[in-house]
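A short write-up of the structure that comes next.
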Amino acid sequence: MKNIIRLVVLVVITTAAPLAVNADDFAEIKSTIQKYFDGTEQGKLELLSEAFLPTAEIQYVLEDGTLGRLPFPEYLTRFTQGRQTQRKGRLVSIDVTGNAATAKVEIFMALNDRVYTDYILMLKLAGSWQISNKIATFRSKF
């Protein structure tokens with residue numbers, strides 16, 4: 001019986017260790033999300049390029065109920081270098097497992113009184129957290 005318990009403990013320890021998450025992961029994820037916020041709010045395209053993988057895609061539901069897809073390079077063209085926008089981001093939550101994470105953020109858009117909700121997928125590649133994809137939806141602010 002003792003051998004079975006030892007075996008179970010050993011299996012749990014060895015399989016859980018690679019999935020360990022530390023405070024640095026959360027800080028680095030928050031930093032990547034902040035680059036996304038600053039890049040879109042302040043027109044800092046270099047920050048967006050640091051935050052997103054070049055292969056990232058933004059997905060959303062079109063007015064006719066079908067899937068809309070926007071590759072990151074095309075998304076980047078929606079912003080002008082140095083141009084401030086009337087949007088403010090807020091990090092709602094982070095969930096991390098090993099080298100994968102999700103973040104939920106809200107973007108308040110003053111121009112059209114909308115609140116966008118982004119569900120962001122992130123990967124830790126070569127020690128750096130980046131946005132691999134996101135899905136977005138919106139609702140009226142009021």
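The values are calculated or read from the model by the stated rules, or taken from the named source; none is laboratory data. Small disclaimer: the values here were computed from a predicted structure and weren't measured. Here Cβ is always computed from backbone atoms with ideal geometry, including for glycine, and neighbour counts include all displayed protein chains.
What residue, among those in segment 83-102 that are within 18 Å of the chain's Cα centre (by Cα) and without any contact (Cβ under 8 Å) to a residue 40 or more places away in the chain, is surrounded by the fewest Cβ atoms within 10 Å (Cβ to Cβ)?
Selected residue: S93.
Can you tell me which residue is nearest to L48 (Cα to Cα) among those in segment 111-142 that are of a type in the set (G, A, S) and in contact with a strand residue (DSSP E or B) (Cβ under 7 Å, 6 or more places away or on another chain)?
Among residues in segment 111-142 that are of a type in the set (G, A, S) and in contact with a strand residue (DSSP E or B) (Cβ under 7 Å, 6 or more places away or on another chain), the one nearest to L48 (Cα to Cα) is S132.
Please give the number of the condition R90 fails out of (1) at pLDDT 95 or above; (2) not in a strand (DSSP E or B).
Condition not satisfied by R90: (2).
State all residues of segment 101-112 that are more than 17 Å from A27 (Cβ to Cβ) and small (G, A, S); if no residue qualifies, say none.
The one that is more than 17 Å from A27 (Cβ to Cβ) and small (G, A, S): A110.
Right, V21: at pLDDT below 95, surrounded by 14 or more Cβ atoms within 10 Å (Cβ to Cβ) and β-branched (V, I, T) or not?
Values: at pLDDT below 95: yes; surrounded by 14 or more Cβ atoms within 10 Å (Cβ to Cβ): yes; β-branched (V, I, T): yes.
Here the answer is yes, as V21 does meet what is asked.
Tell me, yes or no, whether segment 122-129 has at least one residue that is outside any strand (DSSP E or B) and more than 16 Å from Q34 (Cα to Cα).
Within segment 122-129, one or more residues are outside any strand (DSSP E or B) and more than 16 Å from Q34 (Cα to Cα).
Report yes if some residue within segment 114-134 is loosely packed, with under 11 Cβ neighbours inside 10 Å, free of Cβ contacts under 8 Å to residues at least 40 places away in the same chain and not small (G, A, S); otherwise report no.
No: zero hits.
For E63, are the conditions met, namely being of a type in the set (D, E) and either touching a Pro at 6+ places or on another chain (Cβ under 6 Å) or modelled with pLDDT of 95 or more (or both)?
Details: of a type in the set (D, E): yes; either touching a Pro at 6+ places or on another chain (Cβ under 6 Å) or modelled with pLDDT of 95 or more (or both): no.
So E63 does not fit the description; no.
If T80 satisfies all but one of (1) closer than 21 Å to L121 by Cβ; (2) more than 17 Å from the chain's Cα centre (by Cα); (3) exposed (fewer than 12 other Cβ atoms within 10 Å of the Cβ); (4) not acidic (D, E), what's the number of the condition it fails?
(1)
Using the structure shown, decide if L70 is closer than 23 Å to V115 by Cβ, touching a residue at least 60 places away in the same chain (Cβ under 8 Å) and not in a helix (DSSP H, G or I).
Details: closer than 23 Å to V115 by Cβ: yes; touching a residue at least 60 places away in the same chain (Cβ under 8 Å): no; not in a helix (DSSP H, G or I): yes.
For L70, the condition - closer than 23 Å to V115 by Cβ, touching a residue at least 60 places away in the same chain (Cβ under 8 Å) and not in a helix (DSSP H, G or I) - is not met.
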